[in-house]
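The structure appears below as structure tokens.
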Amino acid sequence: MQAISPLARLTRYRRILLIRQVGGDALQHLDGKLARRILSQLDAHPISSIVALRVLFKTLPALNYARAMSGVRMRAYLFATLLGLPLPNALYCLFLIFWRSFYN
């Protein structure tokens, strides 16, 4: 497994900061009832919400951009990502092991 280089991390954080500067908290100003309900849940329980989103959607790029415009703190986002990614990664690995054993 290859480690992420410090330059890649720096680029990722700069991109999130740029999105936050340009978009601000744009998602907080949506008018729809469903959007407000989802965002109120995200504001009330940011870690558990992001863990659930990471388990369901793994590395969906739109999730990263939406997080940048939602007002969730970077520390909560990183902690939730660390908690939420191992399960989908393990399931993905098990699937590949099963796939290889089935088709060999």
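Only the coordinates and a few stated rules stand behind these numbers; no lab work does. Keep in mind that this is a model prediction, so the values were computed, not measured. Here the Cβ positions follow ideal geometry from the backbone for every residue, glycine too, while neighbour counts run over all protein chains shown.
Tally up the residues in the stretch 16-61 that are among the basic types (Lys, Arg) and in contact (Cβ under 8 Å) with a residue 24 or more places away in the chain, please.
Residues that pass the stated criteria total 3.
So which residues in the stretch 11-45 are farther than 18 Å from Tyr65 by Cβ and of a type outside the set (Ser, Thr, Tyr), if there are any at all?
Asp31, Gly32, Lys33, Leu34, Arg36, Arg37, Gln41, Ala44, His45
Out of all the residues in the stretch 49-101, which are surrounded by fewer than 12 Cβ atoms within 10 Å (Cβ to Cβ), among the hydroxyl-bearing types (Ser, Thr, Tyr) and in a helix (DSSP H, G or I)?
Result: Tyr92, Ser101.
What number of residues within the stretch 25-43 are under 17 Å from the mean Cα position of the chain (by Cα), farther than 23 Å from Arg15 by Cβ and of a type in the set (A, V, I, L, M)?
1
Tell me, yes or no, whether the stretch 30-45 has at least one residue that is in contact with a helix residue (DSSP H, G or I) (Cβ under 6 Å, 6 or more places away or on another chain) and of a type in the set (D, E, K, R).
Taking every residue of the stretch 30-45 in turn, none turns out to be in contact with a helix residue (DSSP H, G or I) (Cβ under 6 Å, 6 or more places away or on another chain) and of a type in the set (D, E, K, R).
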